[in-house]
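Reading through the structure tokens given below for one structure.
The values are calculated or read from the model by the stated rules, or taken from the named source; none is laboratory data. Just so it is clear, the structure is predicted and the values come from calculations on it, not from any experiment. Note that each Cβ is placed from the backbone with ideal geometry, even for glycine, and that neighbours are counted across all protein chains shown. Just so you know, the surface numbers come from the protein's heavy atoms only, side chains and all, with ligands and any DNA or RNA stripped out. Shrake-Rupley method; radii C 1.70, N 1.55, O 1.52, S 1.80 Å.
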There are 2 protein chains.
Amino acid sequence: MSVLCSCGGKRTCRGSSLRRVTAPLLLASNRGPVMHVEDETGALVSRRGGGGLVSAVAGASLAGDALWVCAALSEADRRAARSAERGLVAPGVRMLDLDPVTFDRAYNGVANSTLWFVNHLLYDTASSPVFDARSRREWRAYQEYDDAFAEALARAALPGATVLVQDYHLMLTPRQLRERRPDVRIGHFSHTPWAPPEYFSLLPDDVAREVLLGMLGADAVGFHSTRWADAFARCCVEVLGAAYDGQVVSYAGRRTRVSTHPLGVDPVELRERAAAPDVQGRLPGLRDLVGDRQLLLRIDRTELSKNIVRGLEAYRELLRGWPQWRERVVHLAFAYPSRHDLPEYREYTGAVQRVAREVNEEFATEGWLPVHLEVRDDYARSLAAFSLADVLLVNPLRDGMNLVAKEGPVLSEHGLSLVLSRQAGAADELAPWAHLVNPFDVAQTAEALHAALSESTSSRVERTASLAAAATALPPADWLAAQLAALP
Amino acid sequence: MSVLCSCGGKRTCRGSSLRRVTAPLLLASNRGPVMHVEDETGALVSRRGGGGLVSAVAGASLAGDALWVCAALSEADRRAARSAERGLVAPGVRMLDLDPVTFDRAYNGVANSTLWFVNHLLYDTASSPVFDARSRREWRAYQEYDDAFAEALARAALPGATVLVQDYHLMLTPRQLRERRPDVRIGHFSHTPWAPPEYFSLLPDDVAREVLLGMLGADAVGFHSTRWADAFARCCVEVLGAAYDGQVVSYAGRRTRVSTHPLGVDPVELRERAAAPDVQGRLPGLRDLVGDRQLLLRIDRTELSKNIVRGLEAYRELLRGWPQWRERVVHLAFAYPSRHDLPEYREYTGAVQRVAREVNEEFATEGWLPVHLEVRDDYARSLAAFSLADVLLVNPLRDGMNLVAKEGPVLSEHGLSLVLSRQAGAADELAPWAHLVNPFDVAQTAEALHAALSESTSSRVERTASLAAAATALPPADWLAAQLAALP
């Protein structure tokens, strides 16, 4: 059994590391490669799942005999999981039917409201977090949720199998699996940033320890940026008293390798997708909307860490401070809804809409609307917009990687200028050809937008080529191979 | 000219380091040792100024020929400064009459809303800080404000003088003074914590650099805790690319010593103050209020970092989880108003009042009000309460030192249990005899309150003696002497 590489010989392939995998491969992630909806008759329909992780891992073209363990995310998913034999909702996909209350507490209460917040430094510390009796119940649900994955993986893994556990939903699973199956090789990959120890220690002492010990159950842990890898290792040193030699964390007789594998995009797949009729069909409407103005584009989930409000404020400062850009720029902001189960996210979407309206009220003229904010998810339109953008704004407060910053340059038709937050993992690779900004500094971001809008076409074309090369250095197949190669 | 020690031979005195000061001494701080109010006729009346720094430095008994440079904080102060010759509002006190708009921008906009927030990790990062055109104006005001101090110090300092600059209001002054007067010896002391580099870098790049370079204009910088000193040095390394050998930061040919001087209390002065009639007069009323119940006490400014809301929530969890304490405890929370020029602080005071009311609504019985919240400043009553407290709760999110944790044990009459945040600088010295808590962990704080309330009198007496000894290890006079001794 092996993982097959999809590179097709088009670039230097690290297939050798893929071929090392001779024992079966198992993947584990909260969201799997399929999801279910009910059609008008109430029958279940299976669809390809969304989310960056699915694209990344599905892009790595797993052979059909690998097993992907994921969670049922909806009532339709749960119905599908219950009706499929042993939860196998699709070939090689096992969906876990977890109690909805446990799932909600683990997913919303802990993963998205606690672990996400701490590693993105998102807390309003004067008022949150509050770790009380309710958060203790949520933490027990998270332990249970992760343990259900560990149990499913332990049952499915053949002797000596390799298990790759993904992201902040499953930080305890490596250790829980290790305790059941000392024979398997375990990798963990974090798609988020990691907090410095002073901030990570906001977590209750037992939670902080369990998270780190859970991860150290793996033989190798991976991150998108050396910054996040270093922060993780420093937490192990400060919180657990572990040792770190720059490559391996040692604690209680176990050794865990800490590596950086910055996920890139697959240019062939991405360009093929962008050539599809639904994408091409969006181009004329977008061209009409932009006219002969420059297109300033941003594309994000309405996620607190994406920093959409300050982006709009920077655009306002641009139009105030450099009036020559009035009527010469159209700002398209695609901000598609995310995590609306959490009140902070609903409020944030409201704040985004409010600032966009204020900018339009202050500057709109007959025939020119400065901001077009769209809060619906239209992937085809996003891809079409990438090809037309003159300036791409990616200014997260903190971001594990950020693939928008990588997709834009790959799809750009006539070259673009990238204004990029230095707090995105992607800045590690893209910095030399981007206009880097401190995401909290709206004045600096406005200046960077001015510089980006002022850039010559030749400079854009040249920089975009370099950005695209850097963005495609480690496409999903190679990224997955690198995780496997990092295992002992 | 010299600084005289006030120890009176009562403990080992570091007078030798004081006697080293043979050149004139200058002190600089935002708030000085005197303030002014207008009486009913409109005439100016001079009073001793408030604030921890004033107590600390005034407690060090400066000789009359030292000069203290401070800012006019009110219209009455400004009147006094203008009418006094060269601003000498009292012997040895020069008050700077700054433009009120500049003062407001520097004090509220930068010092209290930016530098305080960043070093206490207080930002609600999804929405603040926003560094825009307004914050640029505020930053220029801060530069100007600090420069006015540097100018006044440069004019007043005799050749080879020693200048001690205090706190986060005056971070740029050391360098500004150094540029004018390379001959003087400059020390800076921070009474706040310091942020780790990942968080300090929220500041605009130029602001972050200027703050660090401003401090490095000093020959020695001091902090209350090695944690804050280390964080400062790491910021110099990460942000400036400076070198740090564990004692000295070297940058651009200059060397700045980084030291820790944990300010303590003067037990003689404190006990004398507590013996005064106004304090003693408060005792009967407090005894009546507490009755035969245990007194759980907290005393803070209504400051976001003091964590009063979570403290009340922990008390609620205590009453829910350990019903045996109902009607057996009275929680006195003295939370006197602070920084009500800032909307966050007004809202926070509202939140404190709301939670206190909720706890009383949930648990009050006939004859027992669980929480007595008082939001007025009554220093005499605070001192009286210290002497009666059974449990003292000090749970800041992050605190440079926290003198409440030190004053309580010194004034305790029959021994108290201290529940103390590990994020207070005071935890460095008091930890062995305190119930340490993670201030974000309300459940853990409730457990600690239960343990503290359950402690035996003999254990309390024993621990309180150890706490008091640790709390008085470096009283103000010795603390000031240590700052002087750290200078080259």
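Things worth noting here:
- No other residue among A:Arg376, A:Arg381 is open to solvent by 10 Å² or more (accessible area, probe 1.4 Å), of a type in the set (D, E, K, R), more than 18 Å from B:Asp205 (Cα to Cα) and in contact with a Lys or Arg (Cβ under 7 Å, 6 or more places away or on another chain) apart from A:Arg381.
- Hey, A:Ser113 within 11 Å of chain B (Cβ to nearest Cβ), in a helix (DSSP H, G or I), of a type outside the set (A, V, I, L, M, F, W, C) and closer than 20 Å to A:Thr173 by Cα or not: no
- Unique residue being at pLDDT 95 or above, more than 18 Å from the chain's Cα centre (by Cα) and of a type in the set (Gly, Ala, Ser) when the list is B:Ser417, B:Ser421: B:Ser417
- Of the numbered criteria (1) of a type in the set (Ser, Thr, Tyr); (2) open to solvent by 10 Å² or more (accessible area, probe 1.4 Å); (3) within 14 Å of chain A (Cβ to nearest Cβ), the one B:Thr365 fails is (3).
- Some residue of segment B:50-65 being more than 30 Å from B:Phe131 (Cβ to Cβ) and at pLDDT 95 or above: no
- Odd one out for A:His120 among (1) surrounded by fewer than 16 Cβ atoms within 10 Å (Cβ to Cβ); (2) more than 29 Å from B:Arg316 (Cα to Cα); (3) within 14 Å of another protein chain (Cβ to nearest Cβ): (1)
- For B:Asp478, the test of being charged (D, E, K, R), touching a Lys or Arg at 6+ places or on another chain (Cβ under 9 Å) and not in a helix (DSSP H, G or I) is failed.
- Count - residues of segment A:129-138 that are more than 8 Å from chain B (Cβ to nearest Cβ), out of contact with any helix residue (DSSP H, G or I) (no Cβ under 6 Å at 6 or more places or on another chain) and crowded, with 17+ Cβ neighbours inside 10 Å: 0
- Subset tally (residues that are within 23 Å of B:Lys406 (Cα to Cα) and either facing another protein chain (nearest Cβ under 10 Å) or not in a strand (DSSP E or B) (or both)) for segment B:295-337: 14
- Qualifying residue in segment B:139-156 (condition: outside any strand (DSSP E or B), within 14 Å of chain A (Cβ to nearest Cβ), in contact with a helix residue (DSSP H, G or I) (Cβ under 7 Å, 6 or more places away or on another chain) and within 24 Å of B:Val221 (Cβ to Cβ)): yes
- Of all residues in segment B:245-277, those that are among the small types (Gly, Ala, Ser), open to solvent by 60 Å² or more (accessible area, probe 1.4 Å) and more than 27 Å from B:Pro475 (Cβ to Cβ) total 2.
- Candidate set: segment B:258-309, residues that are under 20 Å from B:Pro409 (Cα atoms) and without any contact (Cβ under 8 Å) to a residue 24 or more places away in the chain; chosen: the one nearest to the chain's Cα centre (by Cα): B:Glu272
- Residues of segment B:423-446 satisfying the condition of being in contact with a His (Cβ under 9 Å, 6 or more places away or on another chain) and surrounded by fewer than 24 Cβ atoms within 10 Å (Cβ to Cβ): B:Asp428
- Which numbered condition B:Arg354 fails, given (1) within 27 Å of B:Gln423 (Cα to Cα); (2) surrounded by 14 or more Cβ atoms within 10 Å (Cβ to Cβ): (2)
- Answer residue from segment A:447-474, given it is away from chain B (no Cβ under 14 Å) and acidic (Asp, Glu) and is surrounded by the most Cβ atoms within 10 Å (Cβ to Cβ) among those: A:Glu455
- Some residue of segment A:86-96 being touching a residue at least 40 places away in the same chain (Cβ under 8 Å), in contact with a His (Cβ under 7 Å, 6 or more places away or on another chain), on the phi < 0 side of the Ramachandran plot and open to solvent by less than 20 Å² (accessible area, probe 1.4 Å): no
- None of B:Ala426, B:Ala385 is over 19 Å from B:Leu295 (Cα atoms) and touching a residue at least 24 places away in the same chain (Cβ under 8 Å) except B:Ala426.
- Meets criteria (over 21 Å from B:Asp288 (Cα atoms) and more than 14 Å from chain A (Cβ to nearest Cβ)) for B:Arg376: no
- Taken over segment B:285-312, the criterion of being touching an Asp or Glu at 6+ places or on another chain (Cβ under 9 Å), at pLDDT 95 or above and open to solvent by 30 Å² or more (accessible area, probe 1.4 Å) is satisfied by B:Arg293, B:Gln294.
- Counting only helices (runs of 4 or more DSSP H) that sit wholly inside segment B:158-236, those with at least 3 residues that are more than 14 Å from chain A (Cβ to nearest Cβ) and either among the charged types (D, E, K, R) or open to solvent by 10 Å² or more (accessible area, probe 1.4 Å) (or both) are B:173-180.
- Boolean, A:Tyr315 is over 30 Å from A:Thr114 (Cα atoms), open to solvent by less than 40 Å² (accessible area, probe 1.4 Å) and not β-branched (Val, Ile, Thr): yes
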